[in-house]
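Shown next, in structure tokens, is the structure this report addresses.
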Amino acid sequence: MPENAEPPQPAAEAEPSTSPEPSTSTEAPSAPKVRNLDAHALRGLAHPLRIRLLAALRHNGPATASQLAEQLGESSGATSYHLRQLAAHGFVEDAPEHGKGRERWWRASHEGTSFDETMAHDADPATRSAAEVFLHEIATIHAQEMNTWLGTSHTWSTQWRRGADLSDFTLRLTADQTHELIHKMHDLINSYRDLGPAEETETVRFHTHVFPRTSD
């Protein structure tokens, strides 16, 4: 177990996820289709319910506003309105192949979201505010996913409990070395997207949180 690790401990992509720019390596593994946020798109996404609606569609596949309302404990009127707002900003789109009668089905337009951290320090206060909402909601979702796992891990097999992890590490690195390490971690995780189908697979979530801290 790594340094500072707590006892090992999936959760869906609150994903929207934050990530650095994609690696430029010519041999990089397959990567998901990602939406790069600009300030306008960020302001369109930065609402807790919109972020969760997008995550639900990415994790669970196409759904109607009513189905999403039931999943998230919201009214269908609220989910319908915010889905239309997400569509206006290009995050979701119609999934007509799933429709029956007058039902309107939605699907996510991308598999992930890339956030440029400079928007958290943008000259426009509206953009800074949107960045704060977005990042805090992602952090909240990550914490909720982990708490759900901790509260339900006893219902999973020993094999799956051994396959889970709750660890942290402390390293002495430069900013450039940290940036390089992040890309290497992302490339390694994405390399598993290329694996062929296998039995007994489950949806597995990986959270990465990397940040400097003031030395004691």
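The values are calculated or read from the model by the stated rules, or taken from the named source; none is laboratory data. Remember, it's a predicted structure, so these values are computed and weren't measured experimentally. Here the Cβ positions follow ideal geometry from the backbone for every residue, glycine too, while neighbour counts run over all protein chains shown. Keep in mind that these areas ignore ligands, DNA and RNA; they rest on the heavy atoms of the full protein, side chains included. Shrake-Rupley method; radii C 1.70, N 1.55, O 1.52, S 1.80 Å.
Looking across 130, 95, 55, 46, one residue alone is of a type in the set (A, V, I, L, M, F, W, C) and over 26 Å from residue 203 (Cα atoms). It is 130.
Residues are listed down the side, and each one gets a yes or a no for (1) closer than 20 Å to residue 141 by Cα; (2) modelled with pLDDT of 95 or more; (3) among the acidic types (Asp, Glu); (4) open to solvent by 20 Å² or more (accessible area, probe 1.4 Å):
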site: 51; (1), (2), (3), (4): yes, yes, no, no
site: 56; (1), (2), (3), (4): yes, yes, no, no
site: 62; (1), (2), (3), (4): no, yes, no, yes
site: 70; (1), (2), (3), (4): yes, yes, yes, yes
site: 85; (1), (2), (3), (4): no, yes, no, yes
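Does the range 17-31 contain any residue that is crowded, with 17+ Cβ neighbours inside 10 Å, farther than 24 Å from residue 148 by Cβ, hydrophobic (A, V, I, L, M, F, W, C) and modelled with pLDDT under 95? Checked the range 17-31: at least one residue is crowded, with 17+ Cβ neighbours inside 10 Å, farther than 24 Å from residue 148 by Cβ, hydrophobic (A, V, I, L, M, F, W, C) and modelled with pLDDT under 95. The number of residues in the range 71-112 that are out of contact with any His (no Cβ under 7 Å at 6 or more places or on another chain) and within 13 Å of residue 52 (Cβ to Cβ) comes to 11. Listed by first and then second residue, the pairs with beta-carbon distance under 7 Å, at least 6 apart or on different chains, first residue in the range 183-211 and under 17 Å from residue 160 (Cβ atoms), second hydrophobic (A, V, I, L, M, F, W, C), are 203/12; 205/11; 205/12; 206/189.
Against the numbered list (1) β-branched (Val, Ile, Thr); (2) surrounded by 13 or more Cβ atoms within 10 Å (Cβ to Cβ); (3) over 22 Å from residue 202 (Cβ atoms), residue 118 comes up short only at (2). Of all residues assigned to the range 175-198, at least one qualifies as being under 23 Å from residue 34 (Cβ atoms), of a type in the set (Ser, Thr, Tyr) and open to solvent by 80 Å² or more (accessible area, probe 1.4 Å). The test for being among the hydrophobic types (A, V, I, L, M, F, W, C) and either within 30 Å of residue 189 (Cα to Cα) or within 21 Å of the chain's Cα centre (by Cα) (or both) does not hold for residue 126.
Would you confirm whether any residue within the range 162-180 is assigned to a helix (DSSP H, G or I), over 18 Å from residue 48 (Cα atoms) and touching a helix residue (DSSP H, G or I) at 6+ places or on another chain (Cβ under 8 Å)? Taking every residue of the range 162-180 in turn, none turns out to be assigned to a helix (DSSP H, G or I), over 18 Å from residue 48 (Cα atoms) and touching a helix residue (DSSP H, G or I) at 6+ places or on another chain (Cβ under 8 Å).
Quick check on my filter: what residues within the range 73-121 are of a type in the set (Asp, Glu) and either farther than 15 Å from residue 40 by Cβ or assigned to a helix (DSSP H, G or I) (or both)? Once the filter is applied, which keeps residues that are of a type in the set (Asp, Glu) and either farther than 15 Å from residue 40 by Cβ or assigned to a helix (DSSP H, G or I) (or both), the range 73-121 yields 74, 93, 94, 97, 103, 111, 117.
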